[in-house]
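The values are calculated or read from the model by the stated rules, or taken from the named source; none is laboratory data. Predicted, not measured: the structure shown is a model, and the values here were computed from it. So basically every Cβ, Gly included, is an ideal-geometry build from the backbone, and we count neighbours across all protein chains shown. Note: accessible area is taken over every heavy atom of the protein model, side chains too, but ligands, DNA and RNA are not part of it. Shrake-Rupley method; radii C 1.70, N 1.55, O 1.52, S 1.80 Å.
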There are 2 protein chains.
Amino acid sequence: MHNLLSNLRVDINSNLYLKDPESSSLGINIVKSSIDLIDLHGIEEFNFKKLAKEIGSTESSIYRYFENKHRLLLYISSLYWGIMEFQVVVQTSNMFDDMEKLLKALETLFSTPQTKCTSFQVEGQKLRHILNSEFVKAYHHKLVDEENEAGYFSIYKRLSSRLSGMIAAVNTNYRYSNSLSSLIIEGSLNQFFLSEHFHNLTDCHSKDNLYLFYKDLLTKTLTS
Amino acid sequence: MHNLLSNLRVDINSNLYLKDPESSSLGINIVKSSIDLIDLHGIEEFNFKKLAKEIGSTESSIYRYFENKHRLLLYISSLYWGIMEFQVVVQTSNMFDDMEKLLKALETLFSTPQTKCTSFQVEGQKLRHILNSEFVKAYHHKLVDEENEAGYFSIYKRLSSRLSGMIAAVNTNYRYSNSLSSLIIEGSLNQFFLSEHFHNLTDCHSKDNLYLFYKDLLTKTLTS
DNA sequence: AATTTTTGATAGTATTACTATTATATTTGC
DNA sequence: GCAAATATAATAGTAATACTATCAAAAATT
């Protein structure tokens with residue numbers, strides 16, 4: 001498994017970039033450093049001028065890779081969801097009990113992405129932190145419909161669909177597998193955010209607690 | 001009850017504005033027309049220049065009421081949550097069965113805010129639509145911690161806390177009432193958004209279906 | 001070595017998000 | 001009804017952002 005993981009290349013929609021960042025060291029630097037900067041200061045404070053300074057390049061060079069910072073955020077988001085999807089698939093592949101499988105998927109969703117196994121050697125925690133704080137802004141966006149149409153969210157949607165399938169496998173009579181799936185995936189980002197910024201709005205201040213909360217929710221909802 | 005409703009004044013944190021918009025017809029116009037414009041074009045496309053043109057006033061006049069459009073969005077959000085909280089309190093006030101009470105609160109959260117009863121005579125649907133699309137951006141914001149400290153989210157948090165209390169009343173042994181409460185409130189916005197923009201990610205394409213989904217989730221989670 | 005591609009350096013534009021100033025209404029107190 | 005206070009309008013201006021354009025230099029490819 002380690003061999004597989006060490007060569008992970010997420011198949012990101014090629015319209016998200018102008019030039020494939022994985023095709024050059026500048027491109028890889030752009031993505032790596034943008035993850036560092038967005039993690040540190042947030043997407044609002046982030047711009048291509050600052051990024052250029054950080055990597056010792058120029059704005060115009062960065063614009064040759066990405067049309068704008070929003071597209072770059074979508075790229076980073078796809079990277080995250082691609083890694084998570086891969087981890088969910090790997091972790092659940094040899095399981096036969098449907099509930100066990102679902103719970104393993106759940107656990108995986110709350111774990112840190114194995115970013116080290118891609119071309120972008122960054123801390124998985126940084127990537128996760130960006131998604132927790134910024135992903136909602138990526139899709140609550142004025143262009144959401146045309147970007148969705150263009151397939152910029154397809155990995156995210158595919159993951160949600162997989163999870164929905166696992167839910168349906170556990171209980172074929174359950175009528176809300178899609179809603180429950182997106183609730184969990186959304187929650188896997190949001191509850192971390194709440195813990196960080198609105199402490200009193202959640203009881204889950206650790207990965208483990210979060211898992212137990214959703215495990216309880218899932219098992220009771222699907223088996224009673 | 002109708003008398004009460006017709007005079008609803010939400011107590012919004014006075015630091016959110018420079019001059020109380022309810023104190024003049026220009027102020028009321030600013031809020032009303034901003035709701036119209038944000039509903040129509042989204043917060044990104046919205047600015048004080050366009051708003052000034054819309055109401056036949058000037059940017060400088062608007063800046064005397066609100067420091068910037070972000071604060072205005074927080075004001076509008078507080079208005080929404082204040083109305084929802086009021087409705088939840090009114091609707092559940094005479095109920096004695098805890099589960100019945102919780103479900104009534106849930107139902108109320110999915111209903112349209114009674115905006116007509118405030119100084120701002122706008123369509124409740126517009127307000128709800130703005131919250132569905134834009135509220136996440138209001139709190140996934142670089143200044144979230146200091147704004148939270150300043151009490152700009154207090155109505156939202158109080159509503160979540162109320163709901164959490166209702167959950168705890170139904171099942172005193174349940175350990176995640178805060179998380180479940182925020183999950184529901186968050187969901188009351190997000191699932192509508194999914195239905196509009198990511199149709200396949202949810203099974204709930206009506207208020208009624210949404211209610212049934214969460215009712216199922218709540219009853220199974222709290223009573224089994 | 002020649003050619004193509006990539007990157008850097010520099011300059012410039014339109015828009016946004018404000019701030020400042022002064023003039024003109026409008027309201028309020030007497 | 002008039003003076004004083006306050007609110008609003010009109011206009012101008014600034015700093016930052018999000019780009020676009022152009023050309024030269026460097027690097028990679030053939």
**Prompt:** In the stretch A:140-150, is there at least one residue being farther than 25 Å from B:L210 by Cβ, more than 10 Å from every other protein chain (Cβ to nearest Cβ) and not charged (D, E, K, R)?
**Reply:** yes
**Message:** What's the total number of residues in the stretch A:157-188 that are under 21 Å from A:L74 (Cα atoms) and open to solvent by 10 Å² or more (accessible area, probe 1.4 Å)?
**Reply:** 6
**Request:** Determine the pairs where a residue that is near DNA strand D (Cβ under 9 Å from one of its atoms), located within the stretch B:53-74, has a partner that is β-branched (V, I, T) with Cβ atoms under 7 Å apart, the partner being 6 or more residues away or on another chain.
**Result:** B:I55/B:I30; B:I62/B:I30; B:Y65/B:I30
**Request:** Find the residue count for the stretch A:64-109, including only residues that are within 16 Å of DNA strand C (Cβ to nearest atom) and open to solvent by 40 Å² or more (accessible area, probe 1.4 Å).
**Result:** 4
**Request:** Look through the stretch A:11-41, keep the residues that are within 13 Å of DNA strand D (Cβ to nearest atom) and closer than 13 Å to A:V122 by Cα, and return whichever of them is surrounded by the most Cβ atoms within 10 Å (Cβ to Cβ).
**Result:** A:S34
**Complete:** Considering residues that are hydrophobic (A, V, I, L, M, F, W, C), within 14 Å of another protein chain (Cβ to nearest Cβ) and away from DNA strand C (no atom under 14 Å from the Cβ), the number found within the stretch B:12-63 is 1
**Request:** Report yes if B:I130 is closer than 26 Å to A:K142 by Cβ, at pLDDT 95 or above and within 16 Å of DNA strand C (Cβ to nearest atom), otherwise no.
**Result:** no
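Residue by residue, here is whether (1) within 17 Å of B:H70 (Cβ to Cβ); (2) outside any loop (DSSP other than H, G, I, E, B); (3) modelled with pLDDT of 95 or more holds:
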site	(1), (2), (3)
B:L4	no, yes, no
B:D11	no, no, no
B:G27	no, yes, yes
B:K32	no, yes, yes
B:L37	yes, yes, yes
B:L40	no, yes, yes
B:I43	yes, no, yes
B:F46	yes, no, yes
B:K50	yes, yes, yes
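Please go through the stretch A:209-222 and give me each residue that is of a type outside the set (D, E) and either facing chain B (nearest Cβ under 8 Å) or farther than 17 Å from A:S179 by Cα (or both), ordered by number.
Of the stretch A:209-222, the ones of a type outside the set (D, E) are A:209-215, A:217-222.
Of everything in the stretch A:209-222, those that are of a type outside the set (D, E) and either facing chain B (nearest Cβ under 8 Å) or farther than 17 Å from A:S179 by Cα (or both) turn out to be A:N209, A:L210, A:Y211, A:L212, A:F213, A:L217, A:K220, A:T221.
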**Prompt:** Counting just the residues of the stretch B:42-59 that are under 22 Å from A:L143 (Cβ atoms) and open to solvent by 40 Å² or more (accessible area, probe 1.4 Å), which one comes out nearest to the chain's Cα centre (by Cα)?
**Reply:** B:E44
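Which of the residues belonging to the stretch B:132-142 are open to solvent by 20 Å² or more (accessible area, probe 1.4 Å) and in contact (Cβ under 8 Å) with a residue 60 or more places away in the chain?
If we filter the stretch B:132-142 for residues that are open to solvent by 20 Å² or more (accessible area, probe 1.4 Å), which is where we start, we get B:137, B:141-142.
Across the stretch B:132-142, the qualifying residues are B:K137, B:H141.
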**Request:** Can you tell me which residue within the stretch B:194-208, out of those that are assigned to a helix (DSSP H, G or I), free of Cβ contacts under 8 Å to residues at least 40 places away in the same chain and open to solvent by 50 Å² or more (accessible area, probe 1.4 Å), is farthest from the other protein chains (Cβ to nearest Cβ)?
**Result:** B:D208
**Request:** Look at B:S77 and say whether it is away from DNA strand D (no atom under 16 Å from the Cβ), part of a helix (DSSP H, G or I) and either without any contact (Cβ under 8 Å) to a residue 60 or more places away in the chain or not aliphatic (A, V, I, L, M) (or both).
**Result:** yes
